Amino acid sequence: MPTFQTYNVTPILPAALEPLREMTFNLWWTWEPSARRLFRHLDPELWDRTNHNPVRMLQLSRQARLEELATDKGFLREIKAVHDAFQKYLARTDTYGKTGAGAALQKPVAYFSAEFGFHESIPNYSGGLGILSGDHCKSASDLDLNFVAIGLLYRHGYFRQEIDKDGIQHAISLNQNFHHLPIREVRDGDTPRLVSVRVLDREVRAKIWELHVGRVNLYLLDTDTPENNAADRLITAELYGGDLEMRMRQEIVLGIGGVHALNALGLEPEVFHMNEGHSAFLALERIRRLVTERGLDFYSALQVTASANVFTTHTPVPAGNDSFPREMMRKYFGTFATEIGLPFEEFFSFGQTRTNTTDPFSMTILALRMSRHSNGVSKLHGEVSRGLWKDVWTGVPPHEVPITSVTNGIHTKTWMAPEFSALYDKYLGNWEENLTNQDFWRRVIDIPDAVLWDTHQKLKLRLVQFVRERVRMQRERIGESPESIRAANRILDPEILTIGFARRFATYKRGILLFSDKERLKKLVNDTTRPVQFIFAGKAHPRDEGGKALIQEVYKFSRETGLHSRIVFVEDYDTYIARRLVQGVDLWLNNPLRPLEASGTSGMKAPPNGGLNLSVLDGWWCESFNGNNGWAIGAEIKGGNVDFQSEVDSASLYQLLENQIIPLYYAKPDGKLPLAWLQLMRESIRSVTPVFNTHRMVKEYTERLYVPAAQAHREFSQDGCVAASGLSQWKSRIRKDWPQVRIDDVQVGNKERQNIPVGESLEVSARVHLGAVDPKHIRVEVYHGESENGGIKNPGITALAQVNQNGDGSYIYHGSVPATESGAYGFSVRVIPTHPHLQQDHELRLITWS
């Protein structure tokens, strides 16, 4: 038999259709409905077959079809309208980044993330972290921020999920042809531009790919290049794949290689934003460059580097943060430590707390210690993170640990159904220009009941039809009977209350909480007058056996007799399935174990589409729930165990469904519309949409973190980094002299110390011995508040003023603490160092208490 070689024949794009090529290579189309319609009109069947990938569509389109469209006046008008909108978008100058607070960013913000999720046709993401990164980039583009993103390009992406007849998840590896994606190699003439990254005893080469996301660019590093050996080509093979050694290599390429790539591209960012700790090695590389190229010592270089770093943590448990054992760090970074002028043990300590020097090297602790701006991703998560990492700042009260919070959001236009977008434009006005204007969204009251309900019902019908088709395809694939395949057309009912649950199947997300009382659930779904139906979707990490077991249980329950038409598991969860779900369900269910959901964003996507939330008060829902825009599951049981908390939450979930949610949905006083439910829909739209979006989030990052970081970096970088060197030297002296600081005596000046009448003040004096420390470099404060269990609740701080200097080198400080309300109070006096160039109160992690 002959051996056949393969080759491709690609169509020639007629000149009249040339604007299509330009638009396919900019992801603006992923959030512009008119652009997606245009590509769909090109060839609806091919649009679906290519997983909505316009680049691949143009490669596979029949030449005759393209020639036909090149003479189709209607299609050409459509191309012109969409292309004009695209050009107008790119050319706007009245933007936040040019005329608003973002204009203060003179040089780019460099945003590093291990994954980016923009669209199902670009499978370079695994879940929420990647989707957030993608939405962050989209809003940075819409706001016209000076912004560039850095990541890795994975040959096998994450994985495709197939569920077999027993409900077992199978991970199907992808093998992506990057020339089928809307990315292009960065080239020097005819050759790809490569960056070199030192890994152990060799140089690993990485190719740079460029992805246009509206007005901003994402650069992705790819080690699968002939210049590397077989092992190094696999570094960017798989997202979160391989062992700990592979994770180390990936994070070296991301962090250190990412800095090299920016340099090779001629970009000089003023701010470096680490989205999670995967990229934290970037701080070390930036320090190394300052040491070797500008002659700074390590600690002076640290001041410059940390001033510009912003770090976002997403993980509320220590085990979820990457860490590496001492010998592995020595293996990969032993010579690096020497190069930056540090003994290895001193270098290693930057990944540890002071309290436990036997711990491994934590990427989160490295990022915290190398950044002057750090945040969690919801108010609750900020609080949890301050408690979780308090040992990094020994002696500092947890609420003063310098980790703030910026609550996550969603890129609204990506996730909002075009039908709702048109509805808002008609009844409210230009919603895109008013996205974060809360007063604007009050106008949702002007949408007629019937119009709002009809729009939602059309989307729910589309969801039902979509799920039926996906289930039918799955049943065909696993070889089920013709009868079973035909039965897929009867699952779900668009007139029934529909609840969605879709997310990564990790055990803490409790994907089977709903099944804790199966008989009770069967009564709900089979009620003859007020039934309810559930749609599940989600992947478990291939090595997460617990998560895969949860999927199997959900799937098996969905196939039980009497339930198979009311409970469905849709395989291979991706952004396409996510859009269909959040745009079509009535209610979004979320029941993680509090407080393990750092923020969560899936539930934010339902309200702009008229959906409601039923969630544990965790992450973002703590901030959003107001009693009229959805429901809160259970109450947190302080000190209770996990099983008991789950019992409480399960009971609450059933009670809410039975006594509030289901009756409200089916209450139709006029026989047609659920009027009370519609009011909840309006309140959900009004309260969530203008707040929980990435436009608000990116503006918050810009004004609270990026701009201050850029300003500090400018100050530390100028004049040969003299300010940074001066601060470093001052810190060294303070650390050496600080053991001499002590509070010798604290006196209360009131006649009656124990009982102070409301309206008077507590008069506090303290004698403080400073030794060699200059008084202008310390603050003496009273730390005071309500007394509770030996500690202080709702603390306040009152500064004490220096009133006298004693001959023995001690100083007297005095101040007054107003007594504004009766109760039991406590106080302590403390001394902390201060300097004009400190960016955090507790930057030195030095504090002395009375």
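The values are calculated or read from the model by the stated rules, or taken from the named source; none is laboratory data. Bear in mind the structure is a predicted one, so any value in this text is a computation, not a measurement. Using ideal geometry, Cβ is built from the backbone for each residue, glycine included, and neighbour counts are taken over all protein chains shown. In case anyone asks, the SASA skips ligands and DNA or RNA and just uses the protein heavy atoms, side chains included. Shrake-Rupley method; radii C 1.70, N 1.55, O 1.52, S 1.80 Å.
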Reported set for segment 330-374 where residues are without any contact (Cβ under 8 Å) to a residue 12 or more places away in the chain, of a type in the set (S, T, Y) and either in contact with a Leu (Cβ under 9 Å, 6 or more places away or on another chain) or under 23 Å from S307 (Cβ atoms) (or both) is S349
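For residues in segment 647-681 being among the charged types (D, E, K, R) and assigned to a helix (DSSP H, G or I), which is modelled with the highest pLDDT?
E658
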Among (1) β-branched (V, I, T); (2) farther than 20 Å from S141 by Cβ; (3) open to solvent by 10 Å² or more (accessible area, probe 1.4 Å) - the single one V707 does not satisfy
(2)
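So that you can scan it fast, the table gives a plain yes or no per residue for (1) in contact with a Ser or Thr (Cβ under 6 Å, 6 or more places away or on another chain); (2) surrounded by 20 or more Cβ atoms within 10 Å (Cβ to Cβ); (3) hydrophobic (A, V, I, L, M, F, W, C):
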{"site": "P343", "(1), (2), (3)": "no, no, no"}
{"site": "M370", "(1), (2), (3)": "no, yes, yes"}
{"site": "V392", "(1), (2), (3)": "yes, yes, yes"}
{"site": "G395", "(1), (2), (3)": "no, no, no"}
Give the number of residues within segment 259-280 that are in contact (Cβ under 8 Å) with a residue 40 or more places away in the chain and open to solvent by less than 20 Å² (accessible area, probe 1.4 Å).
13
Can you tell me which residue among N430, N489 is in a loop (DSSP other than H, G, I, E, B) and either within 16 Å of A606 (Cα to Cα) or polar (S, T, N, Q) (or both)?
N430
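Working carefully through the options Q802, Q839, find the one that is surrounded by 14 or more Cβ atoms within 10 Å (Cβ to Cβ), within 43 Å of the chain's Cα centre (by Cα) and either within 19 Å of K776 (Cβ to Cβ) or free of Cβ contacts under 8 Å to residues at least 12 places away in the same chain (or both).
Q839
Looking at segment 2-57, what helices (runs of 4 or more DSSP H) fall wholly within it and have at least 3 residues that are among the aliphatic types (A, V, I, L, M) and either at pLDDT 95 or above or over 20 Å from T414 (Cβ atoms) (or both)?
Numbers: elements: 18-24, 33-42, 44-49.
So the answer is 33-42.
Mind listing just one residue for me: the one in segment 134-160 that is small (G, A, S) and under 19 Å from A261 (Cα atoms) and, of those, surrounded by the most Cβ atoms within 10 Å (Cβ to Cβ)? Spell out how you get there, then give the answer.
Residues of segment 134-160 small (G, A, S): 134, 139-141, 149, 151, 157.
Subsequent filtering for residues that are under 19 Å from A261 (Cα atoms) retains 149, 151.
Working: A149: 26, G151: 28.
Across segment 134-160, the extreme among qualifying residues is G151.
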From the options R470, R504, R462, R475, residue that is within 30 Å of G117 (Cα to Cα) and over 31 Å from the mean Cα position of the chain (by Cα):
R475
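Taking F350, is it modelled with pLDDT of 95 or more, over 21 Å from the mean Cα position of the chain (by Cα), surrounded by 17 or more Cβ atoms within 10 Å (Cβ to Cβ) and under 28 Å from F272 (Cβ atoms)? Show your work before the answer.
On the way: modelled with pLDDT of 95 or more: yes; over 21 Å from the mean Cα position of the chain (by Cα): yes; surrounded by 17 or more Cβ atoms within 10 Å (Cβ to Cβ): yes; under 28 Å from F272 (Cβ atoms): yes.
Here the answer is yes, as F350 does meet what is asked.
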Would you check if there is a residue in segment 564-579 being in a loop (DSSP other than H, G, I, E, B), of a type in the set (F, W, Y) and closer than 27 Å to S652 by Cβ?
yes
Over segment 452-469, the set of residues open to solvent by 60 Å² or more (accessible area, probe 1.4 Å) and either within 19 Å of D572 (Cβ to Cβ) or in contact with a Lys or Arg (Cβ under 9 Å, 6 or more places away or on another chain) (or both) is R462, Q465, E469
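Matching residues to (1) surrounded by 14 or more Cβ atoms within 10 Å (Cβ to Cβ); (2) among the hydroxyl-bearing types (S, T, Y); (3) free of Cβ contacts under 8 Å to residues at least 40 places away in the same chain; (4) within 16 Å of K165 (Cβ to Cβ):
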| residue | (1), (2), (3), (4) |
| --- | --- |
| E483 | no, no, yes, yes |
| D493 | yes, no, no, no |
| R510 | yes, no, no, no |
| L513 | yes, no, no, no |
| K518 | no, no, yes, no |
| K522 | yes, no, no, no |
| N526 | no, no, no, no |
| A549 | yes, no, yes, no |
Anything in segment 617-670 that is open to solvent by 60 Å² or more (accessible area, probe 1.4 Å) and more than 19 Å from N590 (Cβ to Cβ)? List them, or say none.
K638, G639, N641, D643, F644, N659, K668, P669, D670
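Filter segment 169-192 down to residues that are surrounded by 13 or more Cβ atoms within 10 Å (Cβ to Cβ), within 30 Å of F557 (Cβ to Cβ) and touching a Lys or Arg at 6+ places or on another chain (Cβ under 7 Å), then give me how many there are. So that I can check it myself, show each step before the final result.
Residues of segment 169-192 that are surrounded by 13 or more Cβ atoms within 10 Å (Cβ to Cβ), as a first pass: 169-171, 173-174, 176, 178, 180-186, 192.
Applying the additional criterion that residues be within 30 Å of F557 (Cβ to Cβ) yields 169-171, 173-174.
If we keep only those that are touching a Lys or Arg at 6+ places or on another chain (Cβ under 7 Å) too, we end up with 169, 174.
So the count comes out to 2.
Where residues in segment 455-484 are small (G, A, S) and in a loop (DSSP other than H, G, I, E, B), which of them is nearest to D48 (Cα to Cα)? Quick ask: steps written out before the conclusion?
Quick first cut of segment 455-484, residues small (G, A, S) only: 479, 481, 484.
Narrowing the set further to residues that are in a loop (DSSP other than H, G, I, E, B) leaves 479, 481.
On the way: G479: 23, S481: 26 Å.
Filtering first and then ranking leaves G479.
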Hits in segment 607-633 - residues which are within 17 Å of I410 (Cα to Cα), part of a loop (DSSP other than H, G, I, E, B) and over 21 Å from the mean Cα position of the chain (by Cα)
G610, G611
Just one of Q552, Q583 is farther than 21 Å from R686 by Cβ, polar (S, T, N, Q) and outside any loop (DSSP other than H, G, I, E, B); which is it?
Q552
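Before we move on, is I499 farther than 21 Å from L463 by Cβ and in contact (Cβ under 8 Å) with a residue 40 or more places away in the chain? Let's see the steps before the verdict.
Details: farther than 21 Å from L463 by Cβ: no; in contact (Cβ under 8 Å) with a residue 40 or more places away in the chain: yes.
So I499 fails the test.
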